[in-house]
Ligand code: ADP
Ligand code: MG
């Protein structure tokens, strides 16, 4: 077949054609999903730093990113709570300490007294006043002076993996960036759309985002709201929309199992669980059951704010399949969440109804996995809960009738598709999400997907009271937590760290845990972070759930789905670093029980005006929709350090929380493009969703 002129051979050139990519590098890049030029072009910086200037030591301020030059005055290993390397650097205006928690002997030697260094990194308030926390240090050799020119553009920081330095990323991307300028990337969006919507070309956008100029608006970039990020996000949303449209055009098959409504079992489950459904839950369950009753495969997305009771809705759907002796697979994005669901479902289905459940997660040993697989392939287990392990090779469902994807936005298109392919017939598909998109917009964007909304919280919920408090009043917050826990309440303490490294995040959480253990020695305090094994994480979560722990110190690993109704207090450190959507998800972990709940946003001074406003939004409302809207309204310049908002993995660039204004545009462009230029439409799908064009089923 002749290659379509729209297909870009440049984009598909193997990454090994770049200088410096040998077999080892190829393997490392493949781990990050990078195998061709296009993948690397779309591997965008996670943040940017300004290394174009040198700041005087006297001018350093906490919570900023800075670069200084000076001489090493001293370097020694300090033995506090943790061993650390402390190095003092002086310039003409003063001196400052650099602190490293992990370091090698060679690193220490490099920092000999009188060495000239350039230091850049995050400035924090530390034991000796402001300090650099794990900065990058470059030794300046006077003879090489010409090498130390300051860059004239912002320095991009790429998401990385062990053994791939930022220098290497620069070397690699430099090779592509230079070719962007010569127009090697095809523009697939018609120039008339570019003009009407005032869009720049894809090449311009990629060039800018890989190498932004010094005056780029860092605040916008950190929120993903820069016009050129939005240009990319628009094309990505367009690709998804087009793919959904194509699917709609192809029409539905009619080979799903028809599952008549099993009212009796429903009643039995509700009696066992002891809840009365909210009106919204009942309505959504009706909608689902109507779909399930026909041979046309259901494609339904349920939107419901955090805490609205989506799990029970999922259970009610699973019951319809179980009643016919057919299987349901429920996929969750993390092991913590899969385990929680498995426990709930086991209690509800096995104890309550005598319906067997199985589960699959990555950490299960060979023997355990075999047992679970047997129950799944024999059809003995009718409800199967798990992580992505559900669609690994060797997992054979006996008769899969329904797939449920919890926290749908946490899965990429291919993962969702892989689960779908486990069924012999077309399985019905239900997706659950807490990302709020206005209903009419969602309906037009999702083309062939039906939307249900749970727009009501279970009764008796009291809104979470939110306080915005500065770090210098941390002691009184700790005291308050102590008192609350003594009176039988449970609390979360959430640590956030700007560093992308999981290791550093874990260390920060560990340090906070140690500090809290000291300050609140009469409490039982647990710790979960990404560096623990999943068994260790579960152990801590279970202990917390069973109230063997009073306080749980955690990184944002607890953001999705965790449900411990007795926990009614949450402290979030440095909330100014997180997106509001993420804060809302985190805060949604409390306020799930009878007790009055509260959330303390413990921020670091000084707070910019905009940052202040954003935290005030959190204080003034508990409504996810309102928060998303307000978040969009108050963008403006400011000195934000934040990383790009995390969580949404279905897209590379787009984010349904922040890019809602682009959905309508994607729909508008998509409609015309599909009619007028189907080849371009197809190339856009191919560019963003890859060769497997089967589709971005939600
Ligand atoms: P989410 O929508 O965030 O996934 P969950 O399914 O975890 O929410 O439900 C939140 C909490 O509300 C859980 O503790 C759940 O048991 C409880 N819940 C769900 N539905 C009801 C209901 N109809 N009445 C009372 N409590 C409910
Ligand atoms: Mg949930």
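A few comments on the model shown:
- Kirkwood hydrodynamic radius (C-alpha pairs) into Stokes-Einstein, region 4-150, 20 °C and 1.002 mPa s, D in µm²/s: 119 µm²/s
- Here the gap between residue 153 and residue 293, fully extended at 0.36 nm per residue and compared with their Cα-Cα distance, gives a gain of 44.5 nm.
- The chain - share of DSSP beta bridges that are antiparallel (%, nearest 5): 40 percent
- Ranking of 599, 517, 485 by neighbouring Cβ atoms within 10 Å, starting from the fewest: 517, 485, 599.
- Placing pseudo-labels 7 Å out from each Cα toward the beta carbon at residue 523 and residue 82 gives an inter-label distance of 2.0 nm.
- Ranked list, fewest to most other Cβ atoms within 10 Å of each Cβ, for 268, 31: 31, 268
- Gain upon complete extension [residue 114, residue 162; 0.36 nm per residue less C-alpha separation]: 14.1 nm
- Rounded, prolate or oblate (a/c below 1.5 giving rounded, otherwise prolate when a/b exceeds b/c) for region 280-439 by Cα gyration tensor: rounded
- Each label point was placed 7 Å from the Cα along the Cα-to-Cβ direction; for residue 272 and residue 347 their separation is 1.2 nm.
- Extension gain for residue 250 to residue 74 (0.36 nm times residue separation, less C-alpha to C-alpha distance): 56.3 nm.
- Take the Cα of residue 217, step 7 Å toward its Cβ, do the same at residue 479, and the gap between the two points is 4.3 nm.
- The chain: relative contact order in percent, alpha carbon pairs under 8 Å with at least 6 residues between: 15 percent
- Burial order of peptide ranges 286-294, 519-527 (average beta-carbon count within 10 Å, highest first): 286-294, 519-527
- Expressed in units of 2.2 N^0.38 Å, where N is the residue count, the Cα radius of gyration of region 190-329 is 1.58.
- Per-pair calculated FRET efficiency, R0 = 51 Å: residue 195 and residue 421 via Cβ, rounded to 0.05: 0.80
- Taking the square roots of 5 times each eigenvalue of the Cα gyration tensor of the chain, largest first, gives ellipsoid semi-axes of 42, 34, 23 Å.
- Sorting 571, 610 by the number of Cβ atoms found within 10 Å of their own Cβ, with the fewest placed first, yields 610, 571.
- Per-residue ellipticity at 222 nm from helix content only, as computed over the chain with -39500 (n - 2.57) for each DSSP H run of at least four residues, stands at -11500 deg cm²/dmol.
Throughout, read-outs are computed from the coordinates displayed, never taken from laboratory work. Quantities reported herein were computed from a predicted structural model and do not represent experimental measurements. Note that each Cβ is placed from the backbone with ideal geometry, even for glycine, and that neighbours are counted across all protein chains shown.
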